[in-house]
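One structure is given here, and the rest of the page talks about it.
The values are calculated or read from the model by the stated rules, or taken from the named source; none is laboratory data. Note that the coordinates shown come from a computational prediction; the quantities given were computed from them, not determined experimentally. A quick note on method: Cβ atoms are made from the backbone with ideal geometry, for glycine too, and the neighbour counts reach across all protein chains shown.
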Amino acid sequence: MADFNEQHVFITGGASGIGFAMGQAFGRRGAFVTIADINVDRLDEAVGKLSGEGIACGAKVLDVTKAGDWAAAVSAVESESRPIDILCNNAGISQGSRKDGNAIMLADMSEDLFRLVLDINVVGLFLGIRAVVPGMIERGRGHVVNTASLAGLIAPRGFSAYSASKFAAVGLSESLRAELSEKGIGVSVLCPGGVQSSLVNSSSERREDTIGQGSDQAAGFLSERPANPDTMLAISVGERVVEAVAANDFYILTHPEYAPLIEERFAAIHKAIGTSAQPGYRDPQRLLDASRNLAYLD
């Protein structure tokens with residue numbers, strides 16, 4: 001079992017779901033855990049639960065879409081405890097669904113909702129990396145875990161904005177892994193399937209706070225849904241994340257039953273690779289060399 005004594009783990013979206021489970025899993029292995037969340041009440045409750053388990057922890061209110069919040073939070077927690085060793089960029093939002101169960105199609109989606117999904121799920125990752133990783137580089141150690149989704153490897157109907165954000169999270173992580181591998185810093189991207197969490201509820205709260213009071217009701221969004229007991233326990237995902245960080249694994253895939261769907265997408269791409277659009281043309285070798293990501297060969 002991996003030992004994370006003396007390690008400081010900073011987890012966004014850490015007050016519930018996968019983020020809270022990461023806090024439990026790292027904390028049970030000796031790490032000091034800072035959980036960050038935008039919901040103050042949920043944050044206080046989460047700290048109480050972790051402390052009740054004997055886990056050393058702290059908390060910070062954080063809006064991951066605001067650079068100033070990130071700068072203030074990182075400065076505060078690093079002065080209060082120690083530099084951040086592991087950053088778990090986990091905060092996220094769903095695009096929602098209608099009360100009747102129907103998905104929100106891209107052509108019917110408001111610009112505000114699309115921008116909100118990308119702002120939290122992609123810009124939030126960037127701001128976290130920019131706030132924390134320079135310190136890791138100075139110290140020559142650290143690890144970043146970015147929470148994406150299986151919707152970042154396949155794009156189901158009715159998940160357009162969410163998949164766009166999670167594909168971006170995967171691509172960002174793949175490039176970042178190559179950028180940081182020679183600096184002693186690991187990067188992992190988590191792509192889970194169905195997990196017991198409060199994502200629907202927390203997403204609803206964020207939409208109302210950001211887009212406007214009552215927006216869910218006006219748009220016919222589903223605003224509350226209990227965690228689905230048929231999906232995976234969040235703590236199982238949290239434990240897998242801890243194992244992956246200890247092993248410096250690149251991709252963290254928790255639901256192997258989706259392998260055929262992922263393979264279908266790769267097969268469709270491979271099938272589309274044909275002859276050059278300009279007969280006889282080939283990009284120069286220097287472009288091919290510059291395009292290679294050695295992290296794929298890990």
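All of (1) buried (at least 16 other Cβ atoms within 10 Å of the Cβ); (2) within 30 Å of E45 (Cβ to Cβ) hold for S160 with one exception: (2). Among the residues here, L125 does not qualify as modelled with pLDDT of 95 or more and more than 30 Å from V77 (Cβ to Cβ). Taking the condition more than 19 Å from I18 (Cα to Cα), in contact with a helix residue (DSSP H, G or I) (Cβ under 8 Å, 6 or more places away or on another chain) and of a type in the set (D, E), does E78 pass? In short, yes. Evaluating I86 against the criteria (1) over 25 Å from P192 (Cα atoms); (2) aliphatic (A, V, I, L, M); (3) modelled with pLDDT of 95 or more leaves one unmet condition, (1). Restricted to region 112-146, and to residues there that are charged (D, E, K, R) and either under 16 Å from the mean Cα position of the chain (by Cα) or assigned to a helix (DSSP H, G or I) (or both), the residue that is farthest from Y251 (Cα to Cα) is D112.
Scanning region 115-143 for residues that are crowded, with 20+ Cβ neighbours inside 10 Å and more than 18 Å from L62 (Cα to Cα) turns up M136, G142, H143. Comparison of N89, N5 shows that the only residue that is crowded, with 24+ Cβ neighbours inside 10 Å and either out of contact with any strand residue (DSSP E or B) (no Cβ under 8 Å at 6 or more places or on another chain) or of a type outside the set (D, E, K, R) (or both) is N89. For region 242-286, a residue qualifies if it is farther than 27 Å from N89 by Cβ and either surrounded by 10 or more Cβ atoms within 10 Å (Cβ to Cβ) or of a type in the set (D, E, K, R) (or both), and the qualifying residues are E263, E264, A267, K271, R282, D283, R286. E205 falls short on exactly one of the conditions (1) surrounded by 10 or more Cβ atoms within 10 Å (Cβ to Cβ); (2) within 30 Å of R98 (Cα to Cα); (3) modelled with pLDDT of 75 or more; (4) of a type in the set (D, E, K, R), and that condition is (3).
Beta carbons closer than 8 Å, at least 6 apart along the sequence or on distinct chains, never pair a first residue in region 69-81 that is over 21 Å from N5 (Cβ atoms) and of a type in the set (G, A, S) with a second that is at pLDDT 95 or above and surrounded by fewer than 13 Cβ atoms within 10 Å (Cβ to Cβ).
One residue stands out among those in region 44-70 that are assigned to a helix (DSSP H, G or I) and in contact with a Leu (Cβ under 9 Å, 6 or more places away or on another chain): the one that is surrounded by the most Cβ atoms within 10 Å (Cβ to Cβ), which is W70.
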